1. Does region B:316-335 hold any residues that are within 10 Å of chain A (Cβ to nearest Cβ) and free of Cβ contacts under 8 Å to residues at least 60 places away in the same chain, and which are they?
2. Starting from residues that are in contact (Cβ under 8 Å) with a residue 60 or more places away in the chain and out of contact with any helix residue (DSSP H, G or I) (no Cβ under 8 Å at 6 or more places or on another chain), keep the ones in region A:356-365 and report whichever is surrounded by the fewest Cβ atoms within 10 Å (Cβ to Cβ).
3. Among the residues of region A:254-308, write down those that are crowded, with 24+ Cβ neighbours inside 10 Å, more than 28 Å from residue A:331 (Cβ to Cβ) and either more than 8 Å from chain B (Cβ to nearest Cβ) or in contact (Cβ under 8 Å) with a residue 40 or more places away in the chain (or both).
4. What's the number of the only condition in (1) over 23 Å from the mean Cα position of the chain (by Cα); (2) over 24 Å from residue A:187 (Cα atoms); (3) facing chain B (nearest Cβ under 8 Å); (4) surrounded by fewer than 21 Cβ atoms within 10 Å (Cβ to Cβ) that residue A:312 fails to meet?
5. Name the residues in region A:137-173 that are closer than 15 Å to residue A:102 by Cα and touching a helix residue (DSSP H, G or I) at 6+ places or on another chain (Cβ under 8 Å), would you?
6. Among the residues that make up region B:194-211, is at least one of them more than 14 Å from chain A (Cβ to nearest Cβ), touching a residue at least 24 places away in the same chain (Cβ under 8 Å) and more than 20 Å from the chain's Cα centre (by Cα)?
7. Taking residue B:174 as meeting all but one of (1) within 14 Å of chain A (Cβ to nearest Cβ); (2) buried (at least 20 other Cβ atoms within 10 Å of the Cβ); (3) within 19 Å of residue B:297 (Cβ to Cβ), write down the number of the exception.
8. Is it true that residue A:127 is within 20 Å of the chain's Cα centre (by Cα), farther than 18 Å from residue A:328 by Cα and modelled with pLDDT of 95 or more?
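The values are calculated or read from the model by the stated rules, or taken from the named source; none is laboratory data. Because the structure is predicted, anything quoted here is derived from the model rather than measured. Backbone-built Cβ (ideal geometry, glycine too); neighbour counts: all protein chains shown.
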């Protein structure tokens, strides 16, 4: 009962801990049938017959080491059984309570996003949204849901966003980075329009798969490259959002880039500005420097945080991005979880700590 | 005769200017038949019949604005006719003499690299190498040639490198970044083996095309994204070289990354180190941190240099990379030429200037 001991000692210290936001928590279903209450019978029968084929990257399945089943911490199996992340009680005991998480953003993965059949994808995403309300936010007010959408079908995604608009349990729209086209492309514009209209930020989480090699020079050989490559894809996504004019069209739209690092942001912005100054005739729909759109519209979750030696280099990077733009995240229950008590490789002032761990998230997502 | 006036005044001041190296000069043929003296008749006939189909990126042709024909400066047309970069006399008058270029590295593009027919690609690359000797290095001792190779055929590329090994007119092997697979893959290993054996650095120039979308989330819409994307592809290339063990196998191999920026390097190295520390079991062939391989094996040309506001941010980045690792380059005659008299957005001490503009290149390529 090692887990039990760990919980007890952790809870004992929680009261004295700073309340935090965790902007990347992954809830899981115990089994696929958990979604059945919110699926029409036709889709249950469809999946029994045809399965739910999805675009696949990285060989034939998800790109995680098998030594970390479900990409998760080996101490995160719920004692009552089921996948890591599938038990609210155990998530509370292992993470929310001891780490004093006051504000937890749910980002369901494997939720139907990327499923090839567009109507099935839409149905699964919508069921996932109902499931978040019934099983998570309805049972623990600290948790907030993401509107999961079938992003490859812009109008269907927009309809799902409008369906959830106004429900304060939902605090963002969730997209993934590896899509059929870079996320600024017009097929995705209905999503941003609906999100802006609903006043919802758009969280764009690393991963997904759109059907092409994951680097600009083809398929790499190693998982290390796959992991590192998320930062590159996210650079392409941000470039696309800026260049296509998504921010120019929606001056109040907020985008949160989740789990793709942030230390690459200054170099990207510098390069974009330099290139745009010479080539701006190509994009008359942009009226400001690319870096200005990025500064005004983009937030970044911290996990996995880059860890330079010497650590002070990170301060230079954060100085460029802005302390108000970083949102603390653990990625619970995934294997590369960042522990809030040890993850920050820097000494912060008390106001900086409060901003970093809680206030920035409240400013983006609302007070909770 | 504006050009004449410009030359004269420029030459007048050249003597007082610091001698510099230019590590990215693009010589061009006046017409394709310039290579015929070094091509077997069968290939001349083959191209007359079949052309020279190449993998194509970015729509149907090269990704340059049409307002800059041949991707070049509009003042770089040789007065005697022919494409920009095709006249040694004009290159001397417009660039080498006035800018006091003591050491100019030739990087021929469109040279047969990426041509689909493997034997034709090999023949064109080899003819390009002979042409560099006859038309350029043989006529101006300041210029040094690159061994252009058909990189998609590892053994053929290695044979071409071995053919040129020992000829001091060649100072590097030239590859491009967008290839069929990331450049650390085994199909390319014969290239590194032959380069290491010959004591030649490997220059990897942005551009090329390997057959897939140029970002990890598909095709972008704008040239600005294409230009910005080179930095992302180059990150994938460097990740691949490190992770596949190219540097671990060849402890003396030098790689120069050309025309893809450098400000992204620290963030990439931090992410690679963090990921590798957790996943090193996947790559037992690596015995050191990824960042250590990068520090020991990689140099970077400057053009196009990132230009942050405030400019001092660039100093932090260069501090990480190392002042000894940057090689000045203009990209002459291309449209985004960096002028050595104005490009450096920083105040440097005199020893730093000498290192940056000349000594670093001499350390990598030899004294000239």
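1. Across region B:316-335, the qualifying residues are B:316, B:317, B:319, B:320.
2. Looking at the filtered set, the residue picked out is A:362.
3. A:290
4. Of the numbered conditions (1) over 23 Å from the mean Cα position of the chain (by Cα); (2) over 24 Å from residue A:187 (Cα atoms); (3) facing chain B (nearest Cβ under 8 Å); (4) surrounded by fewer than 21 Cβ atoms within 10 Å (Cβ to Cβ), the odd one out for residue A:312 is (3).
5. A:139, A:140, A:142, A:143, A:144, A:145, A:169, A:171
6. Checked region B:194-211: at least one residue is more than 14 Å from chain A (Cβ to nearest Cβ), touching a residue at least 24 places away in the same chain (Cβ under 8 Å) and more than 20 Å from the chain's Cα centre (by Cα).
7. Among (1) within 14 Å of chain A (Cβ to nearest Cβ); (2) buried (at least 20 other Cβ atoms within 10 Å of the Cβ); (3) within 19 Å of residue B:297 (Cβ to Cβ), residue B:174 violates only (1).
8. On the way: within 20 Å of the chain's Cα centre (by Cα): yes; farther than 18 Å from residue A:328 by Cα: yes; modelled with pLDDT of 95 or more: yes.
Judged against the criteria, residue A:127 is a match.
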